[in-house]
1. Within 10 Å, count the other beta carbons around each residue, average over each peptide in A:67-73, A:163-169, B:123-129, and list them highest first.
2. Give the Rg (one decimal place) followed by the Dmax (whole number) of region B:6-88, computed from C-alpha coordinates and expressed in Å.
3. At 7 Å along the Cα-to-beta-carbon direction for both A:Ala71 and A:Arg47, put a label point, then send me their distance in nm to one decimal.
4. Using the Cα centre of region B:6-88 as the reference point, and only Cβ charges (+1 on K/R, -1 on D/E), how large is the resulting charge dipole? Debye, rounded to the nearest 20.
5. Can you compute the FRET efficiency between B:Glu158 and A:Ala200 using 1/(1 + (r/R0)^6), with r the Cβ-Cβ distance and R0 = 45 Å? Round to the nearest 0.05.
6. Between region A:20-38 and region A:196-213, what is the separation of their alpha carbon centroids in Å?
7. Return the FRET efficiency for the residue pair B:Glu120, B:Arg59: r is the Cβ-Cβ distance, R0 is 25 Å, and the value is rounded to the nearest 0.05.
8. What average count of beta carbons from other chains do you get within 10 Å of the Cβ of residues in A:74-80?
Amino acid sequence: MAVTVTETPSEREQIEMLLPWHAVGTLSPDEAQRVEHALAGDPELARQFELVREELGGTIHVNETLGAPSARAMDTLFKRIEAEAPRKHHVAAVSLSERLSGWLASVSPRSLAYAAAAAVLALVLQAAVITAIMVPPNGSNGERGGYVTASAPATDTGSFAMVQFAPQANAAEIAAFLKANKLSIVDGPNAAGFFKLRVAVTALPKEALAQAVRRLQQDKAVGFIATVE
Amino acid sequence: MQTTSDEILIGRIAKGDRLAMQVLYARHHVKVFRFVLRLVRNEATAEDLISEVFLDVWRQAGKFEGRSAATTWILAIARFKALSALRKRPEQELDEEAAEAIPDQSDDPETATAKKDKSEALRRCLQGLSAEHREIVDLVYYHEKSVEEVAAIVGIPEATVKTRMFYARKKLSELLKAQGIDRGWP
């Protein structure tokens, strides 16, 4: 007697459960072959497959007679899209360098953006390495704090400002501005194109920070800058 | 003619391409609308929801990783929106709709078959399935989703997808039997 896959009850049940997908054609080639083989040797299963095909036809009919949405849905959608802020870059999943180059690409030629991003990244890494070497160990047992780059998410120490670079500022000017003022970017850009800058590694008095920010505002690379409390 | 794949369109949408959004909407809005309508059973609500669904597509396009088909992703968003909307509706409203959808079992079998032929009875019973069963039947038969894709959309294991579909079909047979149509299965 020929042995078919349907002779094992559990196998037959499995095949039975796959019939709807076989009717639509969404099984893998291997599974489809398995079902075809079972159908060929099991008339009862084949009869059940015909019921599945009826259900398939009925379901398509039910859905196809449901109509379509009016133009109102599309109007609403695109009005809301129009009202959305300009597309922001996907901030959460990209590195600081990618965010910076993305922002720069939106305000200056792409080649300059890459150059500036690389320059800024080099600067902040350099600053971090120098800090790691020069800052004496802290703590009574002489342990040194962990290696933290200046481009890491803002630790809470230091004094900060939010800056929006001038649209006409090119990459070289931005890099020069950051270097000349010993600034590091710790976050951004946000939806409005603002970067968070570390202005000082210590917490400056409010007035001193305001004064520093006023001075930075004079730079032609800066569009807008404000202190961060 | 080769059409732009959904995945490419979503990549463009992530960069703010509104034309790509229009293409994607034109391609899928009818089926998404029907999927939502079958769940919420209210056209105005379904229309509102598809705007919401595609607005989410617009906003979240940058997060689409292409691990599943774009339609699987969109239907998952649609399902979430539809279920959220259903949760906000008064229970009484839901009860009334459920009552309307259940096939009239007061007719004797002869009357029922006289009223409707087998195909019509089948369609009527398909509409009388519970929301959970309607959903899976639609996803498999109409939206042509594989076991894996249904699992991703509904958020259940693949084995559960198969058994739920099996029980949905079984329930369908029971409803048909109550209408005087014995399919001889199960």
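1. Values: A:67-73: 14.7, A:163-169: 18.9, B:123-129: 20.9.
The packing order, highest mean first, is B:123-129, A:163-169, A:67-73.
2. For region B:6-88, the Cα radius of gyration and maximum Cα-Cα distance read 12.3, 35 Å.
3. Once both label points are built, they end up 5.4 nm from each other.
4. Values: 15 positive and 9 negative charges, 41 e Å.
Magnitude of the dipole: close to 200 debye.
5. On the way: r = 56 Å, r/R0 = 1.25.
So the FRET efficiency works out to roughly 0.20.
6. Using only Cα atoms, the two centres lie 68 Å from each other.
7. Details: r = 42 Å, r/R0 = 1.69.
Between B:Glu120 and B:Arg59 the formula returns 0.05.
8. Values: counts 8, 1, 7, 12, 8, 1, 6.
Whole-number average of other-chain Cβ neighbours for A:74-80 is 6.
Each value in this text was obtained by applying a stated rule to the coordinates, not by laboratory testing. As the structure is a prediction and not an experimental result, all values here were calculated from the model. FYI the Cβ positions are ideal-geometry reconstructions off the backbone, even for glycines, and counts take in every protein chain you see.
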